[in-house]
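The values are calculated or read from the model by the stated rules, or taken from the named source; none is laboratory data. Computed from a prediction, not measured in an experiment: that's the story for all the values here. Glycine also receives a Cβ, built like all others from the backbone with ideal geometry; neighbour counts cover every protein chain displayed. SASA here: full protein model, heavy atoms, side chains in, ligands and nucleic acids out. Shrake-Rupley method; radii C 1.70, N 1.55, O 1.52, S 1.80 Å.
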Amino acid sequence: MEIKVGADIVSTKRIKSAYSRFGERFARRILTKNEYHTFRKRKNKIEFLASRFAAKEAVYKAFNIIPFSWQRIEITKMEGEMFVVIDGIKRTDFSISISHEKEYTIATAIHIKKSPEVSGQ
């Protein structure tokens, strides 16, 4: 079994500045269509953008997705649990955690790669 960890911290002020400057274009660049739909309903849009930004960076660091694209990674929440979707496929080999503080958002992604079973032993 191989375990890889990725983490990212982002300044909420930096995300707010980017959103103020570029508006919906910034949100659409970072978010998938499903995430954008959720984003539009949220009261605290900046916190949501910051969490997705940090989480996608953390997933990239744990999984080394090449080529990197914001649209390839989706962070979704179902029944209170966070999930990672890569290229449209829900990944059960990831665990993700996101936390907010007034000025910062941090995300940690853990990728657990199970070793292939060796036959004949």
- Accessible surface, 1.4 Å probe, highest first, among residues R42, R29: R29, R42
- Reachable aspartates and glutamates, given that their alpha-carbon falls under 18 Å from the alpha-carbon of K16 and they are not under 8 places away in the same chain: D8, E24, E35, E47, E57, E101, E103
- Accessible surface of I86 in the full protein assembly, 1.4 angstrom probe, to the nearest 10 Å²? 10 Å²
- Between the modelled labels at K13 and S99 (7 Å from Cα along Cα→Cβ) the distance in nm is 2.1 nm
- Item | Computed [θ] at 222 nm, helices only, for the chain once each DSSP H run of length n ≥ 4 contributes -39500 (n - 2.57) | -11500 deg cm²/dmol
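Ranking request for peptides 96-102, 51-57: highest mean number of other beta-carbon atoms within 10 Å first, then the rest in descending order.
Details: 96-102: 14.3, 51-57: 24.9.
Put in order of decreasing packing, that is 51-57, 96-102.
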- Item | Pairs from K43/K102; K13/K77; K45/K102 whose Cα-Cα separation, in the structure shown, is over 19 Å | K13/K77
- Quick one, which of (i) 1.39; (ii) 1.03; (iii) 1.15 is the actual Rg/Rh (Cα atoms, Kirkwood Rh) calculated for this model? (ii)
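Before anything else, pin down the relative contact order of the chain: Cα pairs under 8 Å, at least 6 apart, normalised by residue count, whole percent.
On the way: 208 pairs, mean separation 44.8, N = 121.
This gives 37 percent for the chain.
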- Expected field for Y60, accessible surface area in Å² at 1.4 Å probe radius, rounded to 10, holds 70 Å²
- Using 18 Å as the cut-off for backbone N distance, which residues of the stretch 11-43 belong to the label zone defined by a point 7 Å from the Cα of T76 along Cα→Cβ? 30-42
